[in-house]
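Everything below concerns the one structure shown next.
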């Protein structure tokens, strides 16, 4: 068993894309120049003392664009991973929590998704299938610890509020002697209207990594 979550072709496997400091400086500059009231209106993130407080799963991210820093509220400041920073910045810059529909779809149903979510951008489900494929109760327990809510799908399913009103659903079908386990991910329909597909992929990587890590320690 590997010590930590890894994804083939995950940007964080590239030494150039591992930490917050590796995120394009233009994104930090754009957020620093943005009108805080407009950002807060779209995303519901609270802004005070030059920083945004953005809910993510069961925690609050503090994003300080002027200093190009992101940390978890209530924890000692620690540089976060590239994809979490990228997803948070892109949500603050382009997300609109007021416009996201409640209907969930496979990422491959988003415009261009069939072609995008394959090969190096394959949906990050295999490690969850490996970890939880026969462990329904573990899946539900650690998912709840991350703020997930159980819903009636598959053999077990959880909905996570990744960012305000942006839900990621993780549906688990258990494996048996005849069939291998399967994990299905869903996101809000029409998410690609304001987010590029690589941002969607980054968010899915972050959420599934959090769930896998919780399973390893739970």
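The values are calculated or read from the model by the stated rules, or taken from the named source; none is laboratory data. Bear in mind the structure is a predicted one, so any value in this text is a computation, not a measurement. For neighbour counting, all protein chains shown are included, and Cβ atoms are generated from backbone atoms with ideal geometry for every residue, glycine included.
Has the stretch 45-62 got at least one residue that is farther than 17 Å from residue 161 by Cα and either assigned to a helix (DSSP H, G or I) or within 15 Å of the chain's Cα centre (by Cα) (or both)? No: zero hits.
Answer yes or no as to whether residue 142 is under 28 Å from residue 89 (Cα atoms) and touching a strand residue (DSSP E or B) at 6+ places or on another chain (Cβ under 6 Å). Criteria not met by residue 142. Summed over the stretch 92-107, residues that are part of a strand (DSSP E or B) and surrounded by 19 or more Cβ atoms within 10 Å (Cβ to Cβ) total 1. Every residue in the stretch 62-81 that is touching a strand residue (DSSP E or B) at 6+ places or on another chain (Cβ under 6 Å) and touching a residue at least 60 places away in the same chain (Cβ under 8 Å), please. Matches in the stretch 62-81: 79, 80. For the stretch 209-218, the candidate set comprises residues that are in a helix (DSSP H, G or I) and farther than 15 Å from residue 166 by Cβ; within that set, the residue that is modelled with the lowest pLDDT is 217.
Note on the stretch 2-60: among residues that are on the phi > 0 side of the Ramachandran plot and out of contact with any strand residue (DSSP E or B) (no Cβ under 7 Å at 6 or more places or on another chain), the one that is modelled with the highest pLDDT is 44.
Of the residues making up the stretch 110-147, those that are under 24 Å from residue 165 (Cα atoms), out of contact with any helix residue (DSSP H, G or I) (no Cβ under 8 Å at 6 or more places or on another chain) and either free of Cβ contacts under 8 Å to residues at least 12 places away in the same chain or surrounded by 15 or more Cβ atoms within 10 Å (Cβ to Cβ) (or both) are 140, 147.
Here residue 216 clears all of (1) surrounded by 16 or more Cβ atoms within 10 Å (Cβ to Cβ); (2) in contact with a helix residue (DSSP H, G or I) (Cβ under 9 Å, 6 or more places away or on another chain); (3) over 15 Å from residue 104 (Cα atoms); (4) touching a residue at least 60 places away in the same chain (Cβ under 8 Å) except the condition numbered (1). Within the stretch 159-183, how many residues are buried (at least 17 other Cβ atoms within 10 Å of the Cβ), over 13 Å from the mean Cα position of the chain (by Cα) and without any contact (Cβ under 8 Å) to a residue 40 or more places away in the chain? Of the residues in that region, 2 qualify. Condition test on residue 89, is it outside any loop (DSSP other than H, G, I, E, B), under 26 Å from residue 193 (Cα atoms), at pLDDT 95 or above and not assigned by TED's automatic domain parsing to the domain that holds residue 202? Yes, satisfied.
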